[in-house]
1. Those residues that are part of a helix (DSSP H, G or I) and open to solvent by 40 Å² or more (accessible area, probe 1.4 Å), I need them from region A:5-25; list them, please.
2. Among the helices (runs of 4 or more DSSP H) confined wholly to region B:1-110, which include 3 or more residues that are within 16 Å of ligand 2 (Cβ to nearest atom)?
3. Just for region B:51-61: of the residues that are touching a helix residue (DSSP H, G or I) at 6+ places or on another chain (Cβ under 8 Å), within 14 Å of ligand 1 (Cβ to nearest atom) and touching a residue at least 24 places away in the same chain (Cβ under 8 Å), which one is farthest from the other protein chains (Cβ to nearest Cβ)?
4. Go through (1) among the aromatic types (Phe, Trp, Tyr); (2) out of contact with any Gly (no Cβ under 8 Å at 6 or more places or on another chain); (3) surrounded by 14 or more Cβ atoms within 10 Å (Cβ to Cβ) and name the single condition A:TRP246 misses.
5. Consider B:VAL34 carefully, then state whether it is more than 15 Å from ligand 1 (Cβ to nearest atom) and either open to solvent by 10 Å² or more (accessible area, probe 1.4 Å) or modelled with pLDDT of 95 or more (or both).
6. Given the conditions (1) over 14 Å from A:ALA287 (Cα atoms); (2) surrounded by 19 or more Cβ atoms within 10 Å (Cβ to Cβ); (3) aliphatic (A, V, I, L, M), which single one is not true for A:ILE217?
7. Consider B:HIS136 against the criteria (1) within 14 Å of another protein chain (Cβ to nearest Cβ); (2) crowded, with 16+ Cβ neighbours inside 10 Å; (3) in contact (Cβ under 8 Å) with a residue 24 or more places away in the chain: it satisfies all of them except one. Which criterion is unmet?
8. Answer yes or no: is there a residue in region B:14-25 that is surrounded by fewer than 22 Cβ atoms within 10 Å (Cβ to Cβ), free of Cβ contacts under 8 Å to residues at least 60 places away in the same chain and within 9 Å of ligand 1 (Cβ to nearest atom).
Amino acid sequence: MKFNSLRYILRETFHSIRRNPWLSVASVLTIMVSLVILGFSIFFMVNADNMATTFESELEIAVFTDKSVTPQQLGTLKLDIERMPQVSSVTIVSKEQALVEFGKTMKSSGNNLLDDLGGINPFPDRLTVKAADPQVVKDIAMRIQGFSGVENVVYGKDFIDKLLPFTRWLRWVGIGVIVAFAIASIVLISINIKMNIFSRRREIQIMKLVGATNGFIRWPFFIEGMFLGLVGGLLASATVGVTYDWLSGYVQNTLAFLPVVQNPMLFWQVLSGLLVSGMAIGAIGTAISLRQFLKI
Amino acid sequence: MIQLSNVSKIYPNGARALSDINLKIGKGEFVFLVGPSGAGKSTLIRLLYREEKPTRGQVLVNNRNLVRMREHEVPYLRRGIGVIFQDFKLLPNKTVEENTAFALEVLGMSTREVQTRSRAALELVGLGGKGKSFPHQLSGGEQQRACVARAIINSPGLLVADEPTGNLDPENAWGIMDLLYNINKRGTTVIMATHAKDIVDQMQKRVVAIEGGRLVRDEEKGAYGYEV
Ligand SMILES: Nc1ncnc2c1ncn2[C@@H]1O[C@H](COP(=O)(O)OP(=O)(O)O)[C@@H](O)[C@H]1O
Ligand SMILES: [Mg+2]
(Lines give C-alpha, C1' and ligand atoms only; values in the text may rest on other atoms or scores of the structure.)
(Ligands and ions follow the chains in the order given, each with its own letter.)
Protein backbone atom coordinates (compact mmCIF):
# COMPACT_ATOMS: atom_id res chain seq x y z
CA MET A 1 0.00 0.00 0.00
CA LYS A 2 1.30 3.42 -0.97
CA PHE A 3 1.94 5.97 1.75
CA ASN A 4 -0.47 8.46 0.16
CA SER A 5 -3.20 5.88 0.18
CA LEU A 6 -2.50 5.15 3.82
CA ARG A 7 -2.89 8.83 4.62
CA TYR A 8 -6.05 8.98 2.58
CA ILE A 9 -7.46 5.97 4.41
CA LEU A 10 -6.83 7.39 7.88
CA ARG A 11 -8.20 10.78 6.94
CA GLU A 12 -11.25 9.16 5.37
CA THR A 13 -11.89 7.04 8.45
CA PHE A 14 -12.08 10.00 10.77
CA HIS A 15 -13.95 12.18 8.29
CA SER A 16 -16.59 9.53 8.13
CA ILE A 17 -16.88 9.39 11.91
CA ARG A 18 -17.06 13.17 12.12
CA ARG A 19 -19.69 13.43 9.43
CA ASN A 20 -21.92 10.68 10.82
CA PRO A 21 -21.34 11.17 14.55
CA TRP A 22 -24.68 9.72 15.57
CA LEU A 23 -24.25 6.63 13.49
CA SER A 24 -20.86 6.17 15.10
CA VAL A 25 -22.30 6.70 18.57
CA ALA A 26 -25.02 4.15 17.79
CA SER A 27 -22.40 1.63 16.65
CA VAL A 28 -20.29 2.17 19.75
CA LEU A 29 -23.32 1.80 22.03
CA THR A 30 -24.50 -1.34 20.26
CA ILE A 31 -21.12 -2.95 20.59
CA MET A 32 -20.79 -1.78 24.17
CA VAL A 33 -24.19 -3.03 25.30
CA SER A 34 -23.71 -6.38 23.59
CA LEU A 35 -20.29 -6.84 25.12
CA VAL A 36 -21.44 -5.75 28.58
CA ILE A 37 -24.13 -8.40 28.49
CA LEU A 38 -21.64 -10.92 27.15
CA GLY A 39 -19.13 -9.97 29.85
CA PHE A 40 -21.66 -10.40 32.62
CA SER A 41 -22.79 -13.72 31.25
CA ILE A 42 -19.19 -14.91 31.19
CA PHE A 43 -18.75 -13.94 34.84
CA PHE A 44 -22.08 -15.55 35.64
CA MET A 45 -20.91 -18.74 33.96
CA VAL A 46 -17.55 -18.66 35.73
CA ASN A 47 -19.28 -18.28 39.07
CA ALA A 48 -21.87 -20.92 38.33
CA ASP A 49 -19.09 -23.33 37.47
CA ASN A 50 -17.06 -22.34 40.48
CA MET A 51 -20.06 -22.78 42.76
CA ALA A 52 -20.77 -26.19 41.32
CA THR A 53 -17.12 -27.22 41.75
CA THR A 54 -17.04 -25.96 45.33
CA PHE A 55 -20.14 -27.87 46.25
CA GLU A 56 -18.91 -30.99 44.55
CA SER A 57 -15.48 -30.86 46.12
CA GLU A 58 -17.06 -30.89 49.53
CA LEU A 59 -18.34 -34.38 48.84
CA GLU A 60 -16.46 -36.97 50.95
CA ILE A 61 -16.94 -40.55 51.91
CA ALA A 62 -16.23 -41.38 55.53
CA VAL A 63 -15.15 -45.00 56.05
CA PHE A 64 -15.36 -46.21 59.66
CA THR A 65 -13.41 -49.31 60.54
CA ASP A 66 -13.99 -52.17 62.84
CA LYS A 67 -12.55 -51.64 66.36
CA SER A 68 -10.41 -54.75 65.85
CA VAL A 69 -8.53 -53.37 62.83
CA THR A 70 -4.80 -53.02 63.49
CA PRO A 71 -2.85 -50.00 62.21
CA GLN A 72 -1.23 -52.33 59.68
CA GLN A 73 -4.59 -53.53 58.38
CA LEU A 74 -5.69 -49.92 58.23
CA GLY A 75 -2.72 -49.16 56.00
CA THR A 76 -3.58 -52.05 53.69
CA LEU A 77 -7.19 -50.90 53.49
CA LYS A 78 -6.02 -47.42 52.55
CA LEU A 79 -3.86 -48.87 49.76
CA ASP A 80 -6.73 -51.02 48.51
CA ILE A 81 -9.05 -48.04 48.33
CA GLU A 82 -6.42 -45.86 46.71
CA ARG A 83 -5.98 -48.50 44.06
CA MET A 84 -9.66 -48.25 43.07
CA PRO A 85 -10.22 -46.30 39.87
CA GLN A 86 -11.67 -42.81 40.27
CA VAL A 87 -10.55 -42.42 43.86
CA SER A 88 -8.57 -39.20 44.05
CA SER A 89 -7.37 -39.24 47.65
CA VAL A 90 -7.57 -41.25 50.85
CA THR A 91 -6.50 -39.85 54.20
CA ILE A 92 -6.34 -41.68 57.51
CA VAL A 93 -7.92 -40.01 60.50
CA SER A 94 -6.74 -42.11 63.44
CA LYS A 95 -8.88 -42.49 66.53
CA GLU A 96 -6.42 -40.20 68.39
CA GLN A 97 -6.78 -37.48 65.76
CA ALA A 98 -10.51 -37.93 65.82
CA LEU A 99 -10.51 -37.43 69.58
CA VAL A 100 -8.38 -34.26 69.35
CA GLU A 101 -10.58 -32.86 66.61
CA PHE A 102 -13.65 -33.63 68.65
CA GLY A 103 -12.10 -31.97 71.68
CA LYS A 104 -11.42 -28.80 69.71
CA THR A 105 -14.97 -28.51 68.46
CA MET A 106 -16.35 -29.15 71.90
CA LYS A 107 -14.07 -26.63 73.60
CA SER A 108 -14.96 -23.91 71.18
CA SER A 109 -18.59 -24.37 72.11
CA GLY A 110 -17.71 -24.32 75.81
CA ASN A 111 -18.52 -27.95 76.39
CA ASN A 112 -16.60 -30.23 78.67
CA LEU A 113 -17.85 -33.51 77.33
CA LEU A 114 -14.28 -34.60 76.62
CA ASP A 115 -13.39 -34.53 80.30
CA ASP A 116 -16.52 -36.55 81.05
CA LEU A 117 -15.19 -39.32 78.82
CA GLY A 118 -12.50 -39.85 81.44
CA GLY A 119 -9.64 -40.85 79.13
CA ILE A 120 -11.63 -43.37 77.10
CA ASN A 121 -11.50 -42.91 73.32
CA PRO A 122 -14.83 -43.90 71.83
CA PHE A 123 -13.77 -43.17 68.23
CA PRO A 124 -12.84 -45.79 65.63
CA ASP A 125 -10.16 -45.22 63.01
CA ARG A 126 -11.58 -43.51 59.98
CA LEU A 127 -10.63 -43.02 56.33
CA THR A 128 -11.71 -39.97 54.38
CA VAL A 129 -12.10 -40.78 50.69
CA LYS A 130 -12.49 -38.27 47.91
CA ALA A 131 -13.70 -39.27 44.47
CA ALA A 132 -12.38 -37.84 41.25
CA ASP A 133 -15.89 -37.36 40.00
CA PRO A 134 -18.95 -36.71 42.15
CA GLN A 135 -20.98 -38.97 39.86
CA VAL A 136 -19.19 -42.09 41.17
CA VAL A 137 -19.32 -41.33 44.90
CA LYS A 138 -22.29 -43.57 45.40
CA ASP A 139 -20.71 -46.42 43.50
CA ILE A 140 -17.38 -46.16 45.34
CA ALA A 141 -19.10 -46.02 48.71
CA MET A 142 -21.03 -49.18 48.00
CA ARG A 143 -17.91 -51.08 46.95
CA ILE A 144 -15.92 -49.96 50.00
CA GLN A 145 -18.74 -51.24 52.17
CA GLY A 146 -17.81 -54.73 50.99
CA PHE A 147 -14.14 -54.51 52.05
CA SER A 148 -13.10 -56.50 55.16
CA GLY A 149 -12.60 -54.49 58.31
CA VAL A 150 -15.09 -51.83 57.19
CA GLU A 151 -17.82 -51.26 59.70
CA ASN A 152 -19.72 -48.46 58.16
CA VAL A 153 -19.57 -46.11 55.15
CA VAL A 154 -21.18 -42.70 55.30
CA TYR A 155 -21.68 -40.20 52.48
CA GLY A 156 -24.21 -37.46 51.85
CA LYS A 157 -26.60 -39.60 49.85
CA ASP A 158 -29.51 -37.19 49.78
CA PHE A 159 -27.16 -34.30 49.22
CA ILE A 160 -25.60 -35.95 46.18
CA ASP A 161 -28.95 -36.93 44.74
CA LYS A 162 -30.00 -33.29 44.84
CA LEU A 163 -26.66 -31.61 44.18
CA LEU A 164 -25.64 -33.36 40.99
CA PRO A 165 -28.70 -32.43 38.94
CA PHE A 166 -28.42 -28.93 40.32
CA THR A 167 -24.77 -28.37 39.41
CA ARG A 168 -25.33 -29.89 36.00
CA TRP A 169 -28.22 -27.53 35.47
CA LEU A 170 -26.17 -24.59 36.71
CA ARG A 171 -23.40 -25.27 34.21
CA TRP A 172 -25.76 -25.71 31.27
CA VAL A 173 -27.56 -22.52 32.11
CA GLY A 174 -24.22 -20.71 32.25
CA ILE A 175 -23.14 -22.03 28.86
CA GLY A 176 -26.60 -21.36 27.43
CA VAL A 177 -26.54 -17.77 28.62
CA ILE A 178 -23.11 -17.16 27.08
CA VAL A 179 -23.99 -18.74 23.76
CA ALA A 180 -27.31 -16.89 23.59
CA PHE A 181 -25.75 -13.53 24.32
CA ALA A 182 -22.78 -14.13 22.05
CA ILE A 183 -25.15 -14.86 19.17
CA ALA A 184 -27.37 -11.93 20.09
CA SER A 185 -24.46 -9.53 20.19
CA ILE A 186 -23.06 -10.71 16.86
CA VAL A 187 -26.49 -10.31 15.25
CA LEU A 188 -27.04 -6.91 16.84
CA ILE A 189 -23.63 -5.63 15.86
CA SER A 190 -23.82 -6.93 12.30
CA ILE A 191 -27.24 -5.33 11.81
CA ASN A 192 -25.79 -2.06 12.99
CA ILE A 193 -22.77 -2.33 10.71
CA LYS A 194 -25.00 -3.30 7.78
CA MET A 195 -27.12 -0.21 8.39
CA ASN A 196 -24.03 1.92 8.52
CA ILE A 197 -22.74 0.52 5.25
CA PHE A 198 -26.16 0.52 3.64
CA SER A 199 -26.49 4.22 4.30
CA ARG A 200 -23.28 4.65 2.35
CA ARG A 201 -23.94 2.17 -0.49
CA ARG A 202 -24.15 4.99 -3.05
CA GLU A 203 -20.81 6.24 -1.93
CA ILE A 204 -19.34 2.77 -2.35
CA GLN A 205 -20.93 2.43 -5.79
CA ILE A 206 -19.46 5.74 -6.91
CA MET A 207 -16.03 4.85 -5.58
CA LYS A 208 -16.13 1.66 -7.60
CA LEU A 209 -17.25 3.46 -10.73
CA VAL A 210 -14.35 5.91 -10.64
CA GLY A 211 -11.92 3.00 -10.39
CA ALA A 212 -11.29 2.35 -6.71
CA THR A 213 -10.23 -1.20 -5.90
CA ASN A 214 -12.20 -3.17 -3.33
CA GLY A 215 -9.25 -3.02 -0.97
CA PHE A 216 -9.04 0.74 -1.22
CA ILE A 217 -12.76 1.08 -0.41
CA ARG A 218 -12.65 -1.50 2.31
CA TRP A 219 -9.80 -0.09 4.40
CA PRO A 220 -11.44 3.07 5.75
CA PHE A 221 -14.59 1.11 6.60
CA PHE A 222 -12.49 -1.60 8.12
CA ILE A 223 -10.46 0.75 10.30
CA GLU A 224 -13.58 2.67 11.27
CA GLY A 225 -15.26 -0.58 12.30
CA MET A 226 -12.19 -1.61 14.24
CA PHE A 227 -11.92 1.78 15.94
CA LEU A 228 -15.60 1.94 16.91
CA GLY A 229 -15.38 -1.67 18.08
CA LEU A 230 -12.35 -0.82 20.17
CA VAL A 231 -14.12 2.13 21.80
CA GLY A 232 -17.22 -0.02 22.41
CA GLY A 233 -15.05 -2.80 23.83
CA LEU A 234 -13.19 -0.37 26.07
CA LEU A 235 -16.41 1.07 27.48
CA ALA A 236 -17.83 -2.42 27.91
CA SER A 237 -14.83 -3.79 29.78
CA ALA A 238 -14.71 -0.71 32.00
CA THR A 239 -18.40 -1.11 32.81
CA VAL A 240 -18.17 -4.84 33.42
CA GLY A 241 -14.92 -4.51 35.38
CA VAL A 242 -16.11 -1.80 37.75
CA THR A 243 -19.50 -3.41 38.28
CA TYR A 244 -18.16 -6.90 38.86
CA ASP A 245 -15.50 -5.65 41.21
CA TRP A 246 -18.11 -3.86 43.28
CA LEU A 247 -20.71 -6.62 43.06
CA SER A 248 -18.37 -9.46 43.98
CA GLY A 249 -17.09 -7.52 46.99
CA TYR A 250 -20.63 -6.82 48.05
CA VAL A 251 -21.76 -10.43 47.72
CA GLN A 252 -18.67 -11.67 49.56
CA ASN A 253 -19.41 -9.37 52.46
CA THR A 254 -23.12 -9.98 52.75
CA LEU A 255 -23.59 -13.54 51.53
CA ALA A 256 -20.36 -15.12 52.71
CA PHE A 257 -21.55 -18.67 52.05
CA LEU A 258 -21.69 -17.99 48.29
CA PRO A 259 -18.30 -18.66 46.76
CA VAL A 260 -17.56 -15.64 44.50
CA VAL A 261 -14.71 -15.87 42.01
CA GLN A 262 -12.23 -13.06 42.61
CA ASN A 263 -9.39 -14.14 40.40
CA PRO A 264 -7.48 -11.08 39.16
CA MET A 265 -5.87 -12.99 36.32
CA LEU A 266 -9.24 -14.23 35.04
CA PHE A 267 -10.73 -10.80 35.62
CA TRP A 268 -8.21 -9.08 33.35
CA GLN A 269 -8.40 -11.89 30.82
CA VAL A 270 -12.15 -11.44 30.46
CA LEU A 271 -11.85 -7.66 30.24
CA SER A 272 -9.12 -7.72 27.62
CA GLY A 273 -11.09 -10.44 25.84
CA LEU A 274 -14.03 -8.05 25.61
CA LEU A 275 -11.77 -5.33 24.24
CA VAL A 276 -10.29 -7.57 21.58
CA SER A 277 -13.74 -8.99 20.74
CA GLY A 278 -15.08 -5.48 20.21
CA MET A 279 -12.28 -4.71 17.81
CA ALA A 280 -12.52 -8.04 16.02
CA ILE A 281 -16.31 -7.92 15.72
CA GLY A 282 -16.12 -4.36 14.40
CA ALA A 283 -13.52 -5.27 11.80
CA ILE A 284 -14.82 -8.68 10.74
CA GLY A 285 -18.45 -7.53 10.79
CA THR A 286 -17.53 -4.67 8.49
CA ALA A 287 -15.58 -6.87 6.11
CA ILE A 288 -18.46 -9.35 5.85
CA SER A 289 -21.16 -6.71 5.50
CA LEU A 290 -19.17 -4.86 2.84
CA ARG A 291 -18.92 -7.83 0.52
CA GLN A 292 -22.40 -7.59 -0.95
CA PHE A 293 -22.03 -3.85 -1.58
CA LEU A 294 -18.76 -4.19 -3.45
CA LYS A 295 -20.25 -6.25 -6.26
CA ILE A 296 -20.58 -3.54 -8.90
CA MET B 1 -10.17 0.96 -29.60
CA ILE B 2 -13.83 0.08 -28.95
CA GLN B 3 -15.66 -2.75 -30.57
CA LEU B 4 -19.09 -4.17 -29.86
CA SER B 5 -19.94 -7.43 -31.63
CA ASN B 6 -23.50 -8.79 -31.68
CA VAL B 7 -24.19 -7.19 -28.34
CA SER B 8 -27.58 -7.70 -26.71
CA LYS B 9 -28.59 -6.61 -23.27
CA ILE B 10 -31.63 -7.85 -21.41
CA TYR B 11 -31.94 -6.59 -17.83
CA PRO B 12 -32.76 -9.09 -15.09
CA ASN B 13 -36.32 -7.75 -14.98
CA GLY B 14 -36.74 -8.76 -18.64
CA ALA B 15 -36.40 -5.29 -20.17
CA ARG B 16 -34.68 -5.58 -23.55
CA ALA B 17 -32.34 -2.59 -23.83
CA LEU B 18 -30.03 -3.52 -26.71
CA SER B 19 -30.41 -5.97 -29.62
CA ASP B 20 -27.56 -7.23 -31.74
CA ILE B 21 -25.43 -4.09 -31.80
CA ASN B 22 -22.27 -4.01 -33.93
CA LEU B 23 -20.16 -0.90 -33.55
CA LYS B 24 -16.53 0.04 -33.98
CA ILE B 25 -15.04 3.28 -32.71
CA GLY B 26 -11.43 4.19 -33.40
CA LYS B 27 -8.96 5.94 -31.18
CA GLY B 28 -9.42 9.72 -31.06
CA GLU B 29 -12.92 9.73 -32.56
CA PHE B 30 -15.76 11.95 -31.37
CA VAL B 31 -19.08 10.11 -31.53
CA PHE B 32 -22.59 11.28 -30.72
CA LEU B 33 -25.04 8.65 -29.61
CA VAL B 34 -28.57 9.76 -30.38
CA GLY B 35 -32.01 8.27 -30.20
CA PRO B 36 -35.30 8.68 -28.40
CA SER B 37 -35.59 8.26 -24.69
CA GLY B 38 -35.44 4.59 -23.71
CA ALA B 39 -33.57 3.66 -26.90
CA GLY B 40 -30.68 2.14 -25.00
CA LYS B 41 -28.07 4.91 -25.14
CA SER B 42 -27.29 4.83 -21.43
CA THR B 43 -27.14 1.06 -21.45
CA LEU B 44 -24.61 1.07 -24.27
CA ILE B 45 -22.47 3.57 -22.38
CA ARG B 46 -22.65 1.52 -19.19
CA LEU B 47 -21.27 -1.47 -21.06
CA LEU B 48 -18.10 0.46 -21.88
CA TYR B 49 -16.84 0.83 -18.32
CA ARG B 50 -18.44 -2.42 -17.29
CA GLU B 51 -21.12 -1.13 -14.98
CA GLU B 52 -23.20 -3.67 -16.91
CA LYS B 53 -22.22 -6.81 -18.79
CA PRO B 54 -23.88 -7.70 -22.11
CA THR B 55 -26.30 -10.61 -22.08
CA ARG B 56 -24.85 -11.75 -25.42
CA GLY B 57 -21.97 -10.66 -27.59
CA GLN B 58 -18.54 -9.20 -26.93
CA VAL B 59 -17.38 -5.77 -25.79
CA LEU B 60 -13.77 -4.80 -26.46
CA VAL B 61 -12.24 -1.64 -24.98
CA ASN B 62 -8.53 -0.95 -25.53
CA ASN B 63 -8.33 -4.48 -26.91
CA ARG B 64 -9.51 -5.88 -23.59
CA ASN B 65 -12.52 -8.16 -23.64
CA LEU B 66 -14.79 -6.80 -20.92
CA VAL B 67 -16.96 -9.90 -20.83
CA ARG B 68 -14.05 -12.08 -19.85
CA MET B 69 -12.34 -9.46 -17.70
CA ARG B 70 -11.71 -10.57 -14.14
CA GLU B 71 -13.31 -8.69 -11.27
CA HIS B 72 -10.03 -7.37 -9.88
CA GLU B 73 -8.99 -5.90 -13.24
CA VAL B 74 -12.13 -3.78 -13.55
CA PRO B 75 -10.87 -0.85 -11.40
CA TYR B 76 -7.86 -0.45 -13.70
CA LEU B 77 -10.13 -0.40 -16.75
CA ARG B 78 -12.24 2.32 -15.13
CA ARG B 79 -9.25 4.49 -14.27
CA GLY B 80 -8.58 4.88 -17.97
CA ILE B 81 -12.14 5.97 -18.70
CA GLY B 82 -13.66 9.28 -17.64
CA VAL B 83 -17.40 9.00 -17.12
CA ILE B 84 -19.84 11.88 -17.03
CA PHE B 85 -22.88 10.27 -15.43
CA GLN B 86 -26.39 11.24 -16.34
CA ASP B 87 -27.23 11.51 -12.62
CA PHE B 88 -23.79 13.00 -11.76
CA LYS B 89 -22.99 10.50 -9.01
CA LEU B 90 -21.32 13.03 -6.76
CA LEU B 91 -20.65 11.93 -3.19
CA PRO B 92 -23.14 13.93 -1.13
CA ASN B 93 -20.98 14.16 1.98
CA LYS B 94 -17.85 15.33 0.21
CA THR B 95 -17.16 18.82 -1.06
CA VAL B 96 -16.91 19.44 -4.78
CA GLU B 97 -13.14 19.55 -4.54
CA GLU B 98 -13.02 16.29 -2.59
CA ASN B 99 -15.31 14.74 -5.17
CA THR B 100 -13.02 15.58 -8.04
CA ALA B 101 -9.97 14.72 -5.97
CA PHE B 102 -11.39 11.31 -5.32
CA ALA B 103 -10.67 10.08 -8.84
CA LEU B 104 -7.00 10.81 -8.21
CA GLU B 105 -6.83 9.57 -4.65
CA VAL B 106 -7.78 6.08 -5.76
CA LEU B 107 -4.55 6.18 -7.76
CA GLY B 108 -2.52 6.89 -4.62
CA MET B 109 -1.40 10.34 -5.73
CA SER B 110 0.12 12.76 -3.19
CA THR B 111 -2.23 15.18 -1.44
CA ARG B 112 -0.50 18.23 -2.86
CA GLU B 113 -0.72 17.03 -6.43
CA VAL B 114 -4.31 15.94 -5.95
CA GLN B 115 -5.18 19.42 -4.71
CA THR B 116 -3.42 21.24 -7.50
CA ARG B 117 -4.99 19.08 -10.16
CA SER B 118 -8.52 19.18 -8.80
CA ARG B 119 -8.41 22.98 -8.44
CA ALA B 120 -7.22 23.22 -12.03
CA ALA B 121 -9.99 20.90 -13.21
CA LEU B 122 -12.65 22.90 -11.36
CA GLU B 123 -11.22 26.11 -12.79
CA LEU B 124 -11.50 24.58 -16.23
CA VAL B 125 -15.22 23.83 -15.89
CA GLY B 126 -15.92 27.23 -14.34
CA LEU B 127 -16.34 26.06 -10.75
CA GLY B 128 -13.19 27.73 -9.44
CA GLY B 129 -14.95 29.36 -6.50
CA LYS B 130 -17.15 26.41 -5.56
CA GLY B 131 -14.57 23.87 -4.44
CA LYS B 132 -15.59 24.02 -0.80
CA SER B 133 -19.33 23.67 -1.48
CA PHE B 134 -21.20 20.43 -1.03
CA PRO B 135 -23.12 19.05 -4.04
CA HIS B 136 -26.52 19.89 -2.54
CA GLN B 137 -25.47 23.54 -2.36
CA LEU B 138 -24.98 23.65 -6.13
CA SER B 139 -27.44 24.07 -9.00
CA GLY B 140 -28.04 21.16 -11.37
CA GLY B 141 -25.78 22.72 -13.96
CA GLU B 142 -22.99 23.22 -11.44
CA GLN B 143 -23.26 19.65 -10.25
CA GLN B 144 -23.03 18.52 -13.85
CA ARG B 145 -19.86 20.54 -14.31
CA ALA B 146 -18.38 19.10 -11.13
CA CYS B 147 -19.04 15.67 -12.61
CA VAL B 148 -17.27 16.74 -15.81
CA ALA B 149 -14.29 17.96 -13.78
CA ARG B 150 -13.99 14.59 -12.09
CA ALA B 151 -14.26 12.74 -15.39
CA ILE B 152 -11.44 14.68 -17.06
CA ILE B 153 -9.14 15.07 -14.09
CA ASN B 154 -6.82 12.21 -14.86
CA SER B 155 -6.70 12.80 -18.61
CA PRO B 156 -8.40 9.55 -19.58
CA GLY B 157 -7.91 7.95 -22.98
CA LEU B 158 -11.66 7.52 -23.30
CA LEU B 159 -14.34 9.90 -22.12
CA VAL B 160 -17.96 8.76 -22.10
CA ALA B 161 -20.70 11.25 -21.36
CA ASP B 162 -24.35 10.50 -20.79
CA GLU B 163 -26.31 13.66 -21.65
CA PRO B 164 -23.68 15.95 -20.16
CA THR B 165 -25.57 19.08 -21.24
CA GLY B 166 -28.99 17.88 -20.19
CA ASN B 167 -29.27 20.25 -17.24
CA LEU B 168 -27.48 23.23 -18.68
CA ASP B 169 -28.59 26.46 -20.29
CA PRO B 170 -27.24 26.92 -23.85
CA GLU B 171 -24.30 29.03 -22.74
CA ASN B 172 -23.06 26.51 -20.17
CA ALA B 173 -23.87 23.68 -22.54
CA TRP B 174 -21.56 25.13 -25.14
CA GLY B 175 -18.96 25.63 -22.46
CA ILE B 176 -18.99 21.90 -21.80
CA MET B 177 -18.93 21.11 -25.51
CA ASP B 178 -15.91 23.35 -25.86
CA LEU B 179 -14.20 21.35 -23.16
CA LEU B 180 -15.05 18.00 -24.73
CA TYR B 181 -13.94 19.30 -28.11
CA ASN B 182 -10.56 20.34 -26.74
CA ILE B 183 -10.07 17.12 -24.84
CA ASN B 184 -10.86 15.23 -28.02
CA LYS B 185 -8.35 17.39 -29.92
CA ARG B 186 -5.67 16.21 -27.51
CA GLY B 187 -6.36 12.62 -28.48
CA THR B 188 -9.03 11.43 -26.08
CA THR B 189 -11.81 9.41 -27.61
CA VAL B 190 -15.18 10.96 -26.73
CA ILE B 191 -18.54 9.20 -26.82
CA MET B 192 -21.51 11.32 -25.88
CA ALA B 193 -25.17 10.39 -25.62
CA THR B 194 -27.34 13.41 -26.15
CA HIS B 195 -30.70 14.91 -26.98
CA ALA B 196 -29.26 18.29 -27.95
CA LYS B 197 -30.11 18.65 -31.63
CA ASP B 198 -28.39 21.99 -32.17
CA ILE B 199 -25.15 20.73 -30.65
CA VAL B 200 -25.08 17.58 -32.77
CA ASP B 201 -25.97 19.49 -35.91
CA GLN B 202 -23.29 22.12 -35.39
CA MET B 203 -20.43 19.90 -34.30
CA GLN B 204 -20.43 17.84 -37.50
CA LYS B 205 -19.16 14.66 -35.87
CA ARG B 206 -19.93 11.00 -36.31
CA VAL B 207 -23.53 10.22 -35.29
CA VAL B 208 -24.73 6.79 -34.21
CA ALA B 209 -28.48 6.48 -33.78
CA ILE B 210 -30.22 3.80 -31.73
CA GLU B 211 -33.93 3.07 -31.68
CA GLY B 212 -35.57 0.39 -29.61
CA GLY B 213 -32.20 -1.07 -28.82
CA ARG B 214 -31.14 -1.39 -32.46
CA LEU B 215 -28.48 0.54 -34.28
CA VAL B 216 -30.38 2.29 -37.09
CA ARG B 217 -27.91 4.84 -38.43
CA ASP B 218 -24.18 5.50 -38.40
CA GLU B 219 -22.92 8.55 -40.29
CA GLU B 220 -19.68 10.48 -40.45
CA LYS B 221 -20.29 14.21 -39.99
CA GLY B 222 -23.94 13.44 -39.33
CA ALA B 223 -26.86 15.44 -38.06
CA TYR B 224 -29.21 14.81 -35.16
CA GLY B 225 -31.86 13.60 -37.58
CA TYR B 226 -34.90 13.84 -35.35
CA GLU B 227 -37.40 16.60 -35.00
CA VAL B 228 -37.31 18.14 -31.56
N1 LIG C 1 -31.14 -0.88 -14.56
C2 LIG C 1 -32.16 -1.20 -15.39
N3 LIG C 1 -32.96 -2.23 -15.06
C4 LIG C 1 -33.97 -2.57 -15.89
N5 LIG C 1 -34.26 -1.96 -17.02
C6 LIG C 1 -33.50 -0.91 -17.40
C7 LIG C 1 -32.40 -0.48 -16.59
N8 LIG C 1 -31.83 0.57 -17.21
C9 LIG C 1 -32.53 0.77 -18.35
N10 LIG C 1 -33.52 -0.12 -18.45
C11 LIG C 1 -34.45 -0.21 -19.59
O12 LIG C 1 -33.71 -0.42 -20.75
C13 LIG C 1 -34.22 0.39 -21.82
C14 LIG C 1 -33.13 1.33 -22.30
O15 LIG C 1 -32.86 2.29 -21.30
P16 LIG C 1 -31.67 3.34 -21.39
O17 LIG C 1 -30.45 2.60 -21.76
O18 LIG C 1 -31.65 4.08 -20.13
O19 LIG C 1 -32.15 4.27 -22.58
P20 LIG C 1 -31.79 5.78 -22.90
O21 LIG C 1 -30.57 6.12 -22.13
O22 LIG C 1 -31.57 5.77 -24.38
O23 LIG C 1 -32.94 6.59 -22.52
C24 LIG C 1 -35.43 1.11 -21.28
O25 LIG C 1 -36.57 0.37 -21.64
C26 LIG C 1 -35.25 1.08 -19.79
O27 LIG C 1 -36.49 1.00 -19.15
MG1 LIG D 1 -30.25 7.63 -20.71
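The values are calculated or read from the model by the stated rules, or taken from the named source; none is laboratory data. The model shown is predicted, which means the values in this text are computed figures rather than measured ones. Every residue, glycine among them, receives a Cβ derived from its backbone with ideal geometry; neighbour counts consider all protein chains shown. Surface areas here come from the heavy atoms of the whole protein model, side chains and all, with no ligands, DNA or RNA. Shrake-Rupley method; radii C 1.70, N 1.55, O 1.52, S 1.80 Å.
1. Those that are part of a helix (DSSP H, G or I) and open to solvent by 40 Å² or more (accessible area, probe 1.4 Å): A:LEU6, A:ARG7, A:LEU10, A:ARG11, A:PHE14, A:ARG18, A:ARG19, A:PRO21, A:TRP22, A:LEU23, A:VAL25.
2. In region B:1-110, the matching helices (runs of 4 or more DSSP H) lie at B:41-48.
3. Out of the qualifying residues, it is B:PRO54.
4. (3)
5. Numbers: more than 15 Å from ligand 1 (Cβ to nearest atom): no; either open to solvent by 10 Å² or more (accessible area, probe 1.4 Å) or modelled with pLDDT of 95 or more (or both): yes.
The answer is no for B:VAL34.
6. Looking at each condition in turn, A:ILE217 falls short on (1).
7. (2)
8. Checking region B:14-25: at least one residue is surrounded by fewer than 22 Cβ atoms within 10 Å (Cβ to Cβ), free of Cβ contacts under 8 Å to residues at least 60 places away in the same chain and within 9 Å of ligand 1 (Cβ to nearest atom).
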